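Accompanying notes for the structure given below.
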């Protein structure tokens with residue numbers, strides 16, 4: 001591993017700082033990261049969409065989600081090369097795809113698929129190639145100092161992915177033409193199956209959001225992994241020692257060359273006076289010059305105490321000596337301190353006992369008075385609600401006692417507000433081309449009949465969707481259910497989408513409404529008789 005080629009400053013970081021650094025790295029290398037997604041992952045996404053989206057849209061979404069651990073290997077491959085200043089091309093990504101299936105891809109898609117820290121563990125599987133027990137031991141060591149930040153990273157990214165995909169989809173729906181937007185609103189209101197283009201658009205937005213957020217997720221896990229290795233293996237110390245070695249080796253080379261020349265001149269000058277003494281002097285001079293440059297100067301043995309104290313204070317002011325760490329541990333203090341603690345507890349017990357002896361009667365009086373007041377309040381409540389409690393205990397209730405709503409979403413559904421012949425009045429409104437009033441009359445009459453005949457539990461604030469849900473649950477006749485669904489759809493399209501129905505469809509609704517309106521009128525005549 002060539003640490004000198006790292007494009008990042010090698011130093012220990014906090015987990016939050018490491019994750020922030022991953023975002024900066026993705027912004028800097030966004031072209032190759034997103035391009036690698038488009039040439040490797042997008043074809044897989046396209047094949048799944050073509051095969052499954054039209055007939056089985058939910059299985060298509062599930063399969064795209066299931067294969068996320070396979071997609072994560074693409075950005076990790078790119079980042080592992082870019083981080084060490086290696087030139088990475090799209091051709092390299094395509095050539096590396098077969099190797100992705102050799103390093104635990106099956107366990108990533110099955111056993112560890114729901115692992116929320118999979119981005120933190122992926123470098124151990126893909127880059128280090130560890131499996132089984134070795135992988136477990138390695139992850140145990142790496143996770144000791146991560147403090148579950150990889151789990152928080154996963155939770156943050158899954159929320160960002162959901163918000164981004166739904167936000168882009170909502171923005172596109174807002175910008176669509178009115179007809180397509182109304183069809184989308186109709187799908188949401190009526191709870192029918194969405195058309196193929198809505199599924200395709202949702203799938204595309206999900207892929208785009210996943211491409212961006214999943215890249216950030218993998219980069220964050222990779223930076224946490226590198227930060228843990230920097231702390232555990234001392235990468236910053238190793239780099240510092242390498243730089244010092246390179247610095248002093250350069251100086252040593254220069255000293256060696258100069259010393260050799262000086263020694264050669266000295267030998268030539270002192271040759272007539274004796275060869276051995278000259279060589280020895282040259283060697284001594286060479287050693288002095290070399291070690292004076294390489295080694296730091298040695299302080300004299302007899303140093304001034306004041307000067308030494310001043311030097312020590314200057315050295316201790318360096319940042320490296322200002323790091324503090326608080327360590328808490330349990331220590332056995334002996335029997336004497338335990339006996340002292342027991343004595344302290346005995347004194348505290350005596351103090352508390354004396355306190356409760358003095359205040360006990362007053363506290364007891366307060367509790368007794370509170371119980372008497374609570375009992376009187378309970379008796380008053382029972383007397384005021386005696387009739388309601390009798391009905392509740394007897395279990396008797398009637399439709400007349402039930403509070404039925406009189407209006408629903410602005411429509412009066414009481415029998416007094418309806419005409420004697422609903423169908424005739426609706427046909428008259430249709431002939432005058434007042435379709436909205438006709439549908440409102442039909443819808444009011446239907447709700448009035450259902451609320452009275454079936455005693456449906458509808459609240460005053462219920463919506464059309466709530467009414468439709470309650471009708472499906474309580475009605476047993478398929479004819480009545482189908483008619484109410486068709487009438488609800490027609491009312492929503494007319495009241496909210498402002499779309500006029502054909503006159504033949506309106507007359508059909510009036511004709512099929514005999515199951516509600518005639519029954520309602522017969523019930524009213526029977527009640528009057």
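The values are calculated or read from the model by the stated rules, or taken from the named source; none is laboratory data. Bear in mind that the values here come from a model prediction, so they are computed numbers and not experimental data. Note that we place each Cβ from the backbone using ideal geometry, even for glycine, and neighbour counts take in every protein chain shown.
See the values below:
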read-out: Residue count for segment 43-68, restricted to those that are part of a helix (DSSP H, G or I), touching a residue at least 24 places away in the same chain (Cβ under 8 Å) and within 23 Å of the chain's Cα centre (by Cα); value: 6
read-out: Test: residue 474 is more than 18 Å from residue 498 (Cα to Cα), surrounded by fewer than 18 Cβ atoms within 10 Å (Cβ to Cβ) and touching a helix residue (DSSP H, G or I) at 6+ places or on another chain (Cβ under 6 Å); value: yes
read-out: Given (1) modelled with pLDDT of 80 or more; (2) surrounded by 13 or more Cβ atoms within 10 Å (Cβ to Cβ); (3) closer than 25 Å to residue 104 by Cα, number of the condition residue 140 does not satisfy; value: (2)
read-out: Single match in 69, 98 (criterion: closer than 28 Å to residue 24 by Cα and in the same structural domain as residue 211 (by TED's automatic domain parsing)); value: 69
read-out: Inter-residue pairs, beta-carbon under 9 Å, first in contact (Cβ under 8 Å) with a residue 12 or more places away in the chain and at positive phi and in segment 126-142, second surrounded by 15 or more Cβ atoms within 10 Å (Cβ to Cβ) and in a loop (DSSP other than H, G, I, E, B), 6+ apart; value: 129/103; 129/104
read-out: Among the candidates 17, 9, residue that is assigned to a helix (DSSP H, G or I) and either farther than 30 Å from residue 203 by Cβ or in contact with a strand residue (DSSP E or B) (Cβ under 9 Å, 6 or more places away or on another chain) (or both); value: 17
read-out: From 83, 47, 39, residue being surrounded by fewer than 19 Cβ atoms within 10 Å (Cβ to Cβ), in contact with a helix residue (DSSP H, G or I) (Cβ under 6 Å, 6 or more places away or on another chain) and either within 21 Å of residue 216 (Cα to Cα) or in the same structural domain as residue 227 (by TED's automatic domain parsing) (or both); value: 39
read-out: Filtered residues of segment 111-126 (kept if modelled with pLDDT of 85 or more, surrounded by fewer than 16 Cβ atoms within 10 Å (Cβ to Cβ) and over 27 Å from residue 208 (Cβ atoms)); value: none
